Amino acid sequence: MKKVMILKYAELNTKKANIGLFLKQLKRNLEEKLKKLPVKITYDKGRMFLYMEEEYFKEVLDITQNTFGIHEIMIGYELEERSIETIGDYLKKFIHEKEFETFKVETKRSDKTYPMTSLEISKYLGGVVLKAKQNVKVDVHHPDLTIHIEIRQKDAYIIFDTVKGLGGYPVGTLGKGLLMLSGGIDSPVAGYLAMKRGVKLEAIYFESPPHTSVEAKNKVVQLKNILSQYGSDIKLHVISFTEIQESIYKNIPHEYLITIMRRMMYRISAKIAYQNRCKVLINGESIGQVASQTLTSMSVINEVVKMPVIRPVACFDKLEIIDLAKKIGTYETSILPYEDCCTIFVPEHPVIDPELEKCIQYESKISYEELIQKSIKNETIIKETKNEFEDLL
């Protein structure tokens, strides 16, 4: 008998012939996160199994709970002898450690050659519990304790505890994207949601010293570290935006400042993305939240790039985004009072329906191509992240 953590895949099961690629990536992701712990990982198309000593279960559970590609985590016992009598004997031992008044037994029998049906197994083992534990009764609707039994080809499992996973796809299975990461609430949530769909992230941050502070940059580094805990280390590209921003401020009508600034950021982001083999840009734009996020503004700003742009929170309201930011652990960092370059030169009345022709006309007043090349040439890259996994949820 071995205590074991069993991972259920859920959505990955829809991949049929390609499921092997997803499972290999999930195993690699877990091995990377668990590399400092003595954990053995095996898997098949139905389940993934993690074996470790009892003392490591809590730490491993914290990590698996925050790894994409896992629908549910079950903690139980693996029995090499599958006879119903042996399962019943072990169940008697385990049940005395549990406090409950009502229970039910649920059986999943993947080995259809087993001599009893799932219903027969559940009834038999329910009888074992009733005999072994006084003053308990069966409740199939709202039990205090659900006992899960799994009968597989070579082994049987008794499972008492289940924990919900994050779901989604393993990070790295759907290519790489570049996250436009500001110090606000929205973009980290957008990055999290992209990772949930299997996208590996790099990130880009625009700083504007001396108008923005070192603390503002450090806040963004901290946000990328938090996001890294859900996948792999995120490489952060830091771009100095000062010269571009000052040139825009001096030469462009102020109602168009934000529109032109965002067009420049998109141009730079697309170039960085191409250089680093990212397939898409990702940002935290939400329809109508600010002037640059009206449909007209997004269309005019988006015009400068051919690369697809993903906006995972586009249809979320602000309270929904805040709730998710709190859940994933980015909210408290995002609200630290350090301004980024998107907020320092906000005009009193920014245009909400910008005209593309005017943008092109205004941009002709500045040598932005030269400034963009200079900013990219002078980028700095931050790779380091925390080594320890924090319980964020």
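The values are calculated or read from the model by the stated rules, or taken from the named source; none is laboratory data. Note that the structure is a prediction, hence the values are computed from the model and not measured. FYI the Cβ positions are ideal-geometry reconstructions off the backbone, even for glycines, and counts take in every protein chain you see.
Quick notes
- The condition of being in contact with a helix residue (DSSP H, G or I) (Cβ under 8 Å, 6 or more places away or on another chain) and of a type in the set (S, T, N, Q) holds for only one of Ser228, Ser292, that being Ser292.
- Taking the range 293-312 as the range and being of a type in the set (D, E, K, R) and without any contact (Cβ under 8 Å) to a residue 40 or more places away in the chain as the test, only Lys306 passes.
This table checks each residue for (1) in contact with a helix residue (DSSP H, G or I) (Cβ under 7 Å, 6 or more places away or on another chain); (2) in the same structural domain as Lys327 (by TED's automatic domain parsing); (3) under 30 Å from Gly172 (Cα atoms).
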site: Val39; (1), (2), (3): yes, no, yes
site: Phe49; (1), (2), (3): no, no, yes
site: Gln65; (1), (2), (3): no, no, yes
site: Gly69; (1), (2), (3): yes, no, yes
site: Gly88; (1), (2), (3): yes, no, no
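- In the range 344-373, the residue that is nearest to the chain's Cα centre (by Cα) out of those that are among the aliphatic types (A, V, I, L, M), farther than 18 Å from Phe241 by Cα and part of a loop (DSSP other than H, G, I, E, B) is Ile352.
Yes or no, residue by residue, for (1) crowded, with 21+ Cβ neighbours inside 10 Å; (2) at pLDDT 95 or above:
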site	(1), (2)
Ile226	yes, yes
Thr242	no, no
Asn283	yes, yes
Glu303	no, yes
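- Of all the criteria given as (1) modelled with pLDDT under 95; (2) assigned by TED's automatic domain parsing to the domain that holds Tyr51, the one not satisfied by Gly184 is (2).
- Filter result for Leu281 (assigned by TED's automatic domain parsing to the domain that holds Tyr362 and assigned to a strand (DSSP E or B)): yes
- The set of residues from the range 92-107 being within 18 Å of Leu79 (Cβ to Cβ) and modelled with pLDDT under 95 comprises Lys92, Lys93, Phe94, Ile95, His96, Glu97, Lys98.
- Residue in the range 231-238 that is surrounded by fewer than 20 Cβ atoms within 10 Å (Cβ to Cβ) and farther than 25 Å from Leu30 by Cβ present: yes
- For the range 140-186, filtered to residues that are touching a Phe, Trp or Tyr at 6+ places or on another chain (Cβ under 7 Å) and charged (D, E, K, R), the residue that is nearest to Val290 (Cα to Cα) is Asp144.
- Taking residues in the range 317-337 that are in the same structural domain as Gly191 (by TED's automatic domain parsing), and partners anywhere that are charged (D, E, K, R), the pairs with Cβ atoms closer than 7 Å and at least 6 places apart or on different chains are Ile321/Asp186; Thr333/Lys219; Leu336/Lys219.
- The residues in the range 223-262 that are under 31 Å from the mean Cα position of the chain (by Cα) and of a type outside the set (S, T, N, Q) can be counted, and the count is 17.
- Output for the range 308-336, where each listed residue is touching a helix residue (DSSP H, G or I) at 6+ places or on another chain (Cβ under 7 Å) and either in a helix (DSSP H, G or I) or at pLDDT below 95 (or both): Ile321, Ile322, Leu324, Ala325, Ile328, Tyr331, Thr333, Ser334, Leu336
- Unique match (being of a type in the set (D, E, K, R), closer than 20 Å to Thr64 by Cβ and surrounded by fewer than 18 Cβ atoms within 10 Å (Cβ to Cβ)) among Lys123, Lys137, Lys164, Lys154: Lys164
- Close pairs from the range 98-123: first without any contact (Cβ under 8 Å) to a residue 60 or more places away in the chain and under 20 Å from Arg152 (Cα atoms), partner of a type in the set (Ser, Thr, Tyr) and in a loop (DSSP other than H, G, I, E, B), Cβ under 9 Å, at least 6 apart: Thr107/Thr117; Arg109/Thr117; Ile121/Tyr114
- Failed item in (1) in a helix (DSSP H, G or I); (2) over 25 Å from the mean Cα position of the chain (by Cα), with Tyr274 passing the rest: (2)
Per-residue answers, yes or no, for (1) touching a strand residue (DSSP E or B) at 6+ places or on another chain (Cβ under 9 Å); (2) buried (at least 20 other Cβ atoms within 10 Å of the Cβ):
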residue	(1), (2)
Gly183	yes, yes
Asp186	no, yes
Ser208	yes, yes
Gln229	no, yes
Tyr249	no, no
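- Residue check, Phe103 over 22 Å from Ala194 (Cα atoms), of a type in the set (Phe, Trp, Tyr) and over 22 Å from the mean Cα position of the chain (by Cα): yes
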